[in-house]
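The values are calculated or read from the model by the stated rules, or taken from the named source; none is laboratory data. Everything numeric here is computed off the predicted structure, so don't read it as measured data. Every residue, glycine as well, gets a Cβ built from its backbone with ideal geometry; the counts of neighbours run over all protein chains shown. All accessible areas refer to the heavy atoms of the entire protein, side chains included, with ligands and DNA or RNA removed. Shrake-Rupley method; radii C 1.70, N 1.55, O 1.52, S 1.80 Å.
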Amino acid sequence: NDLDEVAPKVTSGATATSVDENAGANQVIYTATADDTSDISDGVSFSLATGSDAALSIDADTGAVTLSTDPDHETQATYSFTVVATDAAGNESEGQAVTLTVNDLDEVAPSITSGATATAIDENSGAGQVIYTATADDSADISAGVSFSLATGSDAALSINADTGAVTLSTDPDHETQATYSFTVVATDAAGNASEGQAVTL
């Protein structure tokens, strides 16, 4: 009689398809498969080996591996687990080590690094001059660039270059007409995350 004496072989890969952070809890991130055709087979069951990440569980029948938590790249960028396949006779595979990567998304707004005061200018020094240059840091996570704008309520005589952050005064300054100008710079990243704004006085 042919007996079931050869362990099943895990045929699924060593890498789970990466998931985006904040994609939600309780999603299936990997499905284990196994081949038990070396001899007779009464079916295969799956389990995760000791040392696998505690946030992961596997369906013994289907091999579906579920991540119980909402993935967050900053909290945990990778998950590791080992799939074990066991046949009806109790023969176990050596296990397939698998890694899941959590993709880092642009979810943090840029921080404005330029100051709250523009360098004072002389009256009658001419229209169309750049009176301030906004700068921002978007290195808290991934970045595809930053664009600048002026918030509602900023002085109408001022405009900003969205790419360079250069703020231009359209009129010829005159102290007796207007001694100060006020504006608020907003930095927005490619994902639409906007800073709270930097209030500036000229």
The residue from Ala166, Ala144, Ala120 that alone is of a type in the set (A, V, I, L, M, F, W, C), out of contact with any His (no Cβ under 8 Å at 6 or more places or on another chain) and under 30 Å from Glu74 (Cα atoms) is Ala144
Any chance Gly95 is in contact (Cβ under 8 Å) with a residue 12 or more places away in the chain and open to solvent by 30 Å² or more (accessible area, probe 1.4 Å): yes
Within segment 59-70, can one find any residue that is more than 30 Å from Ser143 (Cβ to Cβ), of a type outside the set (Asp, Glu), crowded, with 17+ Cβ neighbours inside 10 Å and out of contact with any Lys or Arg (no Cβ under 9 Å at 6 or more places or on another chain)? yes
Does Asp174 satisfy the condition of being free of Cβ contacts under 8 Å to residues at least 60 places away in the same chain, among the acidic types (Asp, Glu), loosely packed, with under 14 Cβ neighbours inside 10 Å and in a loop (DSSP other than H, G, I, E, B)? yes
Positions within segment 177-202 being of a type in the set (D, E, K, R) and either under 11 Å from Tyr132 (Cα atoms) or open to solvent by less than 20 Å² (accessible area, probe 1.4 Å) (or both), in sequence order: Asp189
Mind checking which pairs have a first residue in segment 112-133 that is assigned to a strand (DSSP E or B) and a second that is among the aromatic types (Phe, Trp, Tyr) and modelled with pLDDT of 95 or more, Cβ under 9 Å, 6 or more apart or different chains? Ile112/Phe148; Thr117/Tyr132; Ile131/Tyr181; Tyr132/Phe183
In the list Ser47, Ser38, Ser12, Ser18, which residue meets the criterion of being touching a Ser or Thr at 6+ places or on another chain (Cβ under 6 Å) and over 30 Å from Ala140 (Cβ atoms)? Ser12
Residues satisfying the stated conditions in segment 77-89, i.e. within 14 Å of Lys9 (Cα to Cα) and either touching a strand residue (DSSP E or B) at 6+ places or on another chain (Cβ under 6 Å) or open to solvent by less than 40 Å² (accessible area, probe 1.4 Å) (or both): Thr82, Val83, Val84, Ala85, Thr86, Asp87
Among the listed residues Glu74, Glu5, which satisfies the condition of being of a type in the set (D, E, K, R), open to solvent by 70 Å² or more (accessible area, probe 1.4 Å), under 30 Å from Asp106 (Cα atoms) and touching a residue at least 40 places away in the same chain (Cβ under 8 Å)? Glu74
Quickly run through segment 144-153 and pick out the residues that are crowded, with 17+ Cβ neighbours inside 10 Å and either in a loop (DSSP other than H, G, I, E, B) or touching a Gly at 6+ places or on another chain (Cβ under 6 Å) (or both). Phe148
List the pairs whose first member sits in segment 179-191 and is within 23 Å of Ile121 (Cβ to Cβ) and in contact (Cβ under 8 Å) with a residue 24 or more places away in the chain, whose second member is surrounded by fewer than 15 Cβ atoms within 10 Å (Cβ to Cβ) and among the β-branched types (Val, Ile, Thr), and whose Cβ atoms are under 6 Å apart, counting only residues at least 6 apart or on separate chains? Ser182/Thr201
